[in-house]
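Only one structure is covered here, and it is reproduced in the block below.
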Amino acid sequence: MALSGFHPAVSRWFESHFDQPTGVQAQAWPAIHAGKAALIAAPTGSGKTLAAFLASIDQLLLEGLASPLPDETRVLYVSPLKALSNDIHKNLELPLNGIRDQLLETGLPDVPITAWVRSGDTPAAEREAMKRNPPHILVTTPESLYILLTSASGRDMLRSVRSVIVDEIHALAGNKRGAHLSLSLQRLEALCNRPPVRIGLSATQKPVESMAAFLTGHVH
C-alpha cells in the first residue's frame, strides 16, 4: 500500500525497507506535509529522524520534478550530537540514493538532492565549496549554526531555508546550548523571506509542552 501523501518513488523506497510506518511516523507526516510546526516526541528507535528527513526529501523531490532545483539550502538539520555520521548515513544518504534509483527504474528524470555536513571539524575547502554551491540539505550543530549566522556568506546560504529540523531537543532545552540555539532560530526566522517550518525531535520528555515551547520559541 502506497504511503499517503508521498511521491510514488518515495513510497516505493520506504516499502522496500519497512513493513509499515511506525506510529509516530504515521502521526507526524500529515502535519509536516501540511506545513505545520511539529514536535515528534518518542523513544529512541521509533523512526523520528527518518520521519523528518523523508518528508523533507519528498518536498524537494516534487519541486525538482516540476523544475530543476536551484542551488539553495532548503532544509536545515541541527543536532547537538558530535557523532552525526552514522545517523545521517542511515536516515539521509540511504533514502536519497534509494529514491534516485526508484526514479531511474521508472524512467522519471533524476533529481539530484545534495546534502552536506557543516561542523567544527569541516575542512576549510569544504566550507568554501558550500558557499559556492549551497547544499539543499545542510546538517549542522548549534555552534556551527551560530557561526554561520554571524557571516555574510552564511546568512546568504541560510536565507532560503524553508524547514528546520531540530534533533535531540530534550538535550538542549533549559541549558546554555539551548539558549544559544533559541537565539539562532529567531535570527534565522528574521532572515528568511518566510518563517521556516520547525520540526523538533525529542525523546519522551515531560512536560511535552515545554519541549514544544522551546521548539517554537513561544516560551512563557
* To do: Within region 97-144, count every residue that is of a type in the set (A, V, I, L, M) and at pLDDT 90 or above.
  => 10
* Structure fact -> Those residues of region 38-82 which are basic (Lys, Arg) and touching a residue at least 60 places away in the same chain (Cβ under 8 Å) amount to LYS48, ARG74
* Only residues that are more than 23 Å from ALA173 (Cβ to Cβ), open to solvent by 20 Å² or more (accessible area, probe 1.4 Å) and of a type outside the set (A, V, I, L, M, F, W, C): list them for region 41-72, please. => GLN59, GLU63, SER67, PRO68, PRO70, ASP71, GLU72
* Positions within region 134-151 being touching a Phe, Trp or Tyr at 6+ places or on another chain (Cβ under 9 Å) and either of a type in the set (Ser, Thr, Tyr) or open to solvent by 80 Å² or more (accessible area, probe 1.4 Å) (or both), in sequence order -> THR140
* Structure fact -> For region 10-30, the count of residues that are among the aliphatic types (A, V, I, L, M), open to solvent by less than 30 Å² (accessible area, probe 1.4 Å) and more than 21 Å from ILE88 (Cβ to Cβ) equals 0
* Failed criterion for TRP29 (all others in (1) without any contact (Cβ under 8 Å) to a residue 40 or more places away in the chain; (2) part of a loop (DSSP other than H, G, I, E, B); (3) not acidic (Asp, Glu) hold) -> (2)
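The values are calculated or read from the model by the stated rules, or taken from the named source; none is laboratory data. Keep in mind the model is a prediction, meaning the values are calculated, not measured. Counting neighbours? That spans all protein chains shown, and the Cβs are built from the backbone with ideal geometry, glycine included. What goes into the accessible areas is simple: the full protein's heavy atoms, side chains included, and nothing from ligands, DNA or RNA. Shrake-Rupley method; radii C 1.70, N 1.55, O 1.52, S 1.80 Å.
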